[in-house]
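S.K.: If you scroll down you'll find the structure; I have some questions about it.
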Amino acid sequence: MKRRQFISKSARGVLAGAVAGGMVFPAKGRSRILGANERINLALIGCGGRGEILARGFIDDGAEIGYVCDAHSDRMAAMAELLNGLQNKKPKMIKDRQAALNDKDVDAVVIATPHHWHALPMIQAVQADKDVYLEKPPSLTIWEGQKMTEAAKKYNKIVQIGAQCRSAPYVHAASEYINSGKLGDIHLVKVFNIKPNPPCTKRGEPYILGNPEKPPKGLNWDLWLGGSPSRPYYPTIFNNYGWVAFWDFSVGDIDDAIHQLDLALFLMGEPTPSAVSSSGGQFHFKDTDADIPDLQECSFDFENFIMTLEIGGYPAYMRKTTTTIRRNDEFPYWTQNATRVELYGSKELMIIGRHGGGWITMTSGGKIVEKMYGRVPDEPHRKNFLDCLKSRKRPYGDIEIVNNSMNVAHLSNIAYRTGNKKLYYDSAMERFIDNDAANSLLRRKYRDEYSVPDKV
Ligand SMILES: NC(=O)c1ccc[n+]([C@@H]2O[C@H](COP(=O)([O-])OP(=O)(O)OC[C@H]3O[C@@H](n4cnc5c(N)ncnc54)[C@H](O)[C@@H]3O)[C@@H](O)[C@H]2O)c1
């Protein structure tokens, strides 16, 4: 039996064509039906750096945060105070997310927890008839992505992933340009994520764990660990995004690269690869406690093109697109832009930035044929989510579609972790062909009480 839930033709067409979808998610069940002018009530799970940015944004957009939930009560209290100041109403503070899921006045849940804590709350939320905004990367394993997609479809809920490039007008324009045939045939796509100071290092030094400590008062460390193997509390893991350096909690620096990878796959029409290979290692930061490499080079075979993904953490001279460029009519200096995608057509080369930065197309000698500035798309993405809660249309960054990109990301990590070999992948079965070691990484073991259920 084929396990994969195929991306439906309509979903693929709708999203590859960058047009918001039809009425596919009728509101039903326990949650209220939202009127056009009604204020949307959200619950925030995860009160760290990204949770704050999202909460501020959703309040700016006119929504209200009714609940905040975090494994650390200090973070939760600080967030509740902050939001009280912003919306003149203090959100309820809850240690157990179920309280928000049981409240029929909560319209949707915003999840901004570490990667190992994405699948379970998302699935529980849709089971409780809530729509979900879930931060990227959606899943920690391919199996989790299957279960999440299955649950979203089964309960007919809107689940938007924080893959905001999908809501960017300049990205939609790039898609139209490509679909018009102006680039010609594209047989090579290069995705870059080579930047200074990513999670494999601590400010340009090797990542050193230091000594374990007693968890700070207010932090439920066991809850924070969730389904991942138990280990003592390290402030270096909990704070400053340190957990991204460990496979138990994260997908490595694909955490960041997923934005460009997803953008590239969107532009190429949401294809699935048949093979992957990956090379890399801890070349520069050798004496490190981090699991993840500081250089990872991946290559994917698609039907009619090859895509490469280059993730690096040591070149100090590379730069992510600056905030100034993201918010103005400016282009990055492409050669040293850390987060770009290059599409090599038979007629023209397109270089496109993520989160703003726009795109250019070129022929020989650096002659620019077409160009477009771009803005950071966080706001249109959030607004698209809020609009879809009312219209019940399929959002940009729908789980089913982004899960396809996430699978590609997982493939590259599995290829790296199984020893830099070329692996052949059956995308219909969502399994590697004749490779037990690789297949063993499709799924992870959970500590019992935090298990993602087989039956969603
Ligand atoms: N889309 C984007 O542009 C973007 C940008 C930054 C981060 N992110 C994503 O946002 C997510 C969160 O990142 P962050 O920087 O805020 O991390 P963080 O470590 O700063 O915050 C995560 C919070 O989740 C809490 N938490 C952990 N387990 C929990 C649980 N079971 N219940 C409730 N709270 C729990 C932690 O205590 C912490 O306060 C990640 O997936 C990250 O990749 C997305």
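S.K.: Along the principal axes of its C-alpha atoms, what lengths does the stretch 49-126 span, in descending order and rounded to whole Å?
M.R.: Principal-axis extents of the Cα atoms in the stretch 49-126, largest first: 31, 26, 20 Å.
S.K.: Would you mind checking Lys347/Lys367; Lys190/Lys383; Lys130/Lys154; Lys154/Lys393; Lys147/Lys390 for any pair whose Cα atoms are more than 20 angstrom apart? Please list the in-between numbers first.
M.R.: Details: Lys347/Lys367 12 Å; Lys190/Lys383 30 Å; Lys130/Lys154 13 Å; Lys154/Lys393 16 Å; Lys147/Lys390 25 Å.
Those over the limit are Lys190/Lys383; Lys147/Lys390.
S.K.: Round to the nearest 0.05 the FRET efficiency obtained for Ser346 and Asp387 when R0 = 35 Å and r is the Cβ-Cβ distance.
M.R.: The computed FRET efficiency comes out at 0.35.
S.K.: Cα convex hull of the stretch 328-456: mean projected area in nm², to one decimal? Display every interim value, and only then the final one.
M.R.: Values: hull surface 52.8 nm².
Reported value for the Cα convex hull: 13.2 nm².
S.K.: Please report, in cubic angstrom per residue, the volume enclosed by the convex hull of the alpha-carbon atoms of the stretch 147-280. Write out the running numbers ahead of the final one.
M.R.: On the way: hull volume 26.3 nm³, N = 134.
Expressed per residue, the convex hull around the Cα atoms of the stretch 147-280 is 196 Å³.
S.K.: Given an 8 Å cut-off on Cα distances and at least 6 residues of separation, report the relative contact order of the stretch 375-456 as a percent. Mind showing how you got there, number by number?
M.R.: Values: 30 pairs, mean separation 10.9, N = 82.
So the answer I get is 13 percent.
S.K.: Tell me, what is the FRET efficiency for Leu188 and Asp434 to the nearest 0.05, using R0 = 30 angstrom and their Cβ-Cβ distance as r? Write down the numbers at each step before the final one.
M.R.: Working: r = 28 Å, r/R0 = 0.93.
My answer for the efficiency is 0.60.
S.K.: Oh, and also: Fewest first, what order do Trp334, Trp359 take by the number of other Cβ atoms within 10 Å? If you can, show how the numbers build up before the last one.
M.R.: Numbers: Trp334 16, Trp359 24.
Fewest-to-most Cβ neighbours within 10 Å comes out as Trp334, Trp359.
S.K.: Sticking with this one: Where a Cα-Cα gap under 14 Å defines reach, which aspartates and glutamates qualify for Lys136, not counting those fewer than 8 residues away within the same chain?
M.R.: Here the aspartates and glutamates satisfying the reach criterion relative to Lys136 are Glu144, Asp253, Asp255, Asp256, Asp262, Asp378, Asp398, Glu400.
S.K.: Taking the Cα centre of the chain as origin, sum charge times position over the Cβ atoms of Lys and Arg (+1) and Asp and Glu (-1), and report the length of that vector in debye to the nearest 20. Don't jump to the answer; show the numbers that get you there.
M.R.: Working: 59 positive and 53 negative charges, 167 e Å.
The dipole magnitude comes to about 800 debye.
S.K.: Counting only Cα atoms, I'd like the Rg/Rh figure for the stretch 287-338, Kirkwood definition for Rh. Don't jump to the answer; show the numbers that get you there.
M.R.: Numbers: Rg = 15.2 Å, Rh = 13.8 Å.
A ratio of 1.10.
S.K.: Let me ask something additional. Rank by packing, highest mean first: peptides 421-427, 322-328, with packing defined as the count of other Cβ atoms within 10 Å averaged across residues.
M.R.: Ranking, from highest mean packing down: 421-427, 322-328.
S.K.: Hey, rough spin-label estimate for Glu310 and Glu205, points 7 angstrom out along Cα→Cβ, what's it come to in nanometres?
M.R.: 3.0
S.K.: Using Cα pairs closer than 8 Å and at least 6 residues apart in sequence, work out the relative contact order for the stretch 207-279, in percent. Intermediate values should be presented prior to the final figure.
M.R.: Numbers: 38 pairs, mean separation 15.3, N = 73.
Relative contact order of the stretch 207-279: 21 percent.
S.K.: Given 20 °C and 1.002 mPa s, how large is the Stokes-Einstein diffusion coefficient of the chain in µm²/s, with Rh as the Kirkwood radius over Cα pairs?
M.R.: Details: Rh = 22.4 Å.
Stokes-Einstein gives a translational diffusion coefficient of 96 µm²/s.
S.K.: Would you please put 84-90, 259-265, 122-128 in order of how densely packed they are, using the mean number of other Cβ atoms within 10 angstrom per residue and starting with the highest? Spell out each step's value before the answer.
M.R.: Numbers: 84-90: 12.1, 259-265: 26.0, 122-128: 23.1.
Most protected by this proxy first, the peptides run 259-265, 122-128, 84-90.
S.K.: Continuing with the same structure: Do you know the relative contact order of the chain, to the nearest whole percent, from alpha carbon pairs under 8 angstrom that are 6+ apart?
M.R.: On the way: 981 pairs, mean separation 97.2, N = 456.
Relative contact order, the chain: 21 percent.
Taken together, the values in this text are just the output of simple stated rules run on the coordinates, not laboratory data. If you're wondering where the values come from, they're calculated on a predicted model, not measured in any experiment. All Cβ positions, even for glycine, are placed from backbone atoms using ideal geometry, and neighbour counts span all protein chains on display.
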